[in-house]
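> Have a look at this one.
Just so you know, all these numbers are worked out from the coordinates, no wet-lab data involved. Bear in mind that the values here come from a model prediction, so they are computed numbers and not experimental data. For neighbour counting, all protein chains shown are included, and Cβ atoms are generated from backbone atoms with ideal geometry for every residue, glycine included.
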Amino acid sequence: MAGAAIGSLIITQLYWVCGFMKMSITGLSAQSINKNPIDSCKVLLQGILLALGLAVAILVSQTLVVKGGLYFAQANDALKINVEAYFYTRVWGAPATLINMVLIGWLIGQQKTKYVLILQVIINLANILLSLTFVYGLGFGVKGVAAATVCAEYLMMFIGFFMVHKYLLNHKDFRLFSISGQSRLKLMLVRSWFTFTQLKQILSLNSHMFVRNLILQFTLAFITLKGAQYGAQAAAVNAIIMQFFALIALGLDGVANAVEALIGEAKAQKDKAQLNLYVNVGLIWSSFFAIVYSLLFYFLDSLIVNLLTHHQEVVSLMADYAFIVILIPLLSHWCYLFDGVFVGLSLGKPMRDSMFISTIVGFLPTWWWWQDSGNMSLWYAMLVFLSFRGILLGGYYAYLYTQKPEYLL
């Protein structure tokens, strides 16, 4: 279990950093929704090309990655064997995992979230059934756990391709691969999509998103590693709060994903009024869910914590952090929402810059100022960090909307 957990942590963090693929493709896909379906296909194929390139880079550097992860985990020899067994099996799912990010981002941009739901259900059910088969049925151990995930990822990829193909064929104007006298011209058109000039926009956007994700990952890693220095109980408390954090993110990301698709469509239509309407409606729903989350955490905090741990020392200690859990959704929903807005607008640079400023001016100084408070200082810093992100992105959107609307359209 420990080997699989650490191996999964290493590769999951690696994939999480690569999550910029989904974000960038979502905005570009949304902006192509009302254009010729060939434009949508162009976004998809360019994204798949970049995903494959990134997957090759991961496979080539896999030994370096796992050694770095083992160094930070400080694993003993017995644990190291299981970590490597898991990682070196799971890493071969990289092409499917990254392509799935592109497919999901593209489908969200096309407002086909039903397909995304189906794909997520499929991969999770397949993962569960294959894990039981490989581990308990065939006795593959930790490699079986990893192999099950890899198989589920490839299954999701193939079904995703089928869904995309079916969706594109429903467009009467879609004749990209039809056999006709113009097939040669169409093949030349597809080849032209992969020139540096054509890839420049998506490469630039992805580079901004990549840096943004690295900075965000730094803050989360800082909390995890620094919290561990404060002792086992502090590390346990942080792990539980992170579960609350994940629960919040899953809900608020739903609103953000909807906003991404609608904002991208409004941008493509150059409809400033509609774009701002979507932002305001998104804010209403985001605020609503944030308040619901806070109320649930206020009344059910102890119940949720007791579901996550049976250690009474940790449960008692979590009472001191109850206000942190309640404040997180209220302060974070702004940055989730405006992340969605800027993804839909395909403006990666403001997202990168706001993340950097929030870390340098907000997160680190706050932790340093309150560090005498021990582990609590990390969560003071996180609250400030989340607030800064929302204020900076929201303020910049308001500035663009009132002063430079041409940047939005």
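> Expressed as a whole number of Å, what is the distance separating the alpha-carbon centroids of the range 236-308 and the range 20-53?
With the range 20-53 and the range 236-308 each reduced to a Cα centre, they are spaced 24 Å.
> Sticking with this structure for a sec: Straight distance only, please: which aspartates and glutamates reach the Cα of Lys226 with their own Cα at less than 19 Å, same-chain residues fewer than 8 apart left out?
Within reach: Asp320, Asp372.
> Moving on to the next point. How far, in nm, would the chain grow between Ser302 and Phe323 when pulled straight, counting 0.36 nm per residue and subtracting the alpha carbon separation? Could the numbers behind the result be given before it?
Working: separation 21, 0.36 × 21 = 7.56 nm, distance 1.23 nm.
Residue separation times 0.36 nm, minus the Cα-Cα distance, leaves 6.3 nm.
> Can I ask one more? Please compute the modelled spin-label separation between Val121 and Ala246, points set 7 Å along Cα→Cβ, answer in nm with one decimal.
A separation of 2.2 nm, rounded to one decimal place.
> On to the next question. If we sort 389-401, 222-234 on the protection proxy, mean other Cβ atoms within 10 Å, highest first, what's the order? Provide the component values of the computation, followed by the final result.
Details: 389-401: 18.2, 222-234: 15.8.
Highest to lowest by the protection proxy: 389-401, 222-234.
> Measure off 7 Å from each Cα along the Cα-to-Cβ vector at Tyr136 and Phe288, then give the distance between these two points in nanometres to one decimal.
With each label placed 7 Å out from Cα toward Cβ, I get 4.1 nm.
> Under the Kirkwood approximation for Rh and a Cα-based Rg, what ratio Rg/Rh is obtained for the range 1-144? It would help to have the intermediate numbers written out before the result.
On the way: Rg = 17.5 Å, Rh = 16.6 Å.
In the range 1-144, Rg relative to Rh is 1.05.
> Helix-only estimate, please: 222 nm mean residue ellipticity of the chain, summing -39500 (n - 2.57) across DSSP H runs of length 4 or more and dividing by its residues, to the nearest 500.
Values: 17 runs with 335 residues, N = 409.
Value at 222 nm, helices only: -28000 deg cm²/dmol.
> Among the lysines, which have Cα under 19 Å from the Cα of Lys67 when same-chain residues fewer than 8 positions away are ignored?
Partners found: Lys80, Lys143.
> Can you pull the one-decimal nm distance between simple spin-label points at Leu330 and Ile81, each 7 Å off the Cα toward Cβ?
Placing both labels 7 Å beyond Cα along the Cβ direction yields 5.3 nm.
> Now a separate question. Which lysines have a Cα less than 22 Å from the Cα of Lys22, not counting those fewer than 8 places away in the same chain?
Filter leaves Lys35, Lys42, Lys112, Lys114, Lys166, Lys200, Lys267, Lys349.
> Given a Förster radius of 41 Å and the C-beta distance between Gln13 and Lys272 as r, what FRET efficiency does 1/(1 + (r/R0)^6) yield to the nearest 0.05? If you can, show how the numbers build up before the last one.
Working: r = 39 Å, r/R0 = 0.95.
Working from the Cβ atoms, E equals 0.55.
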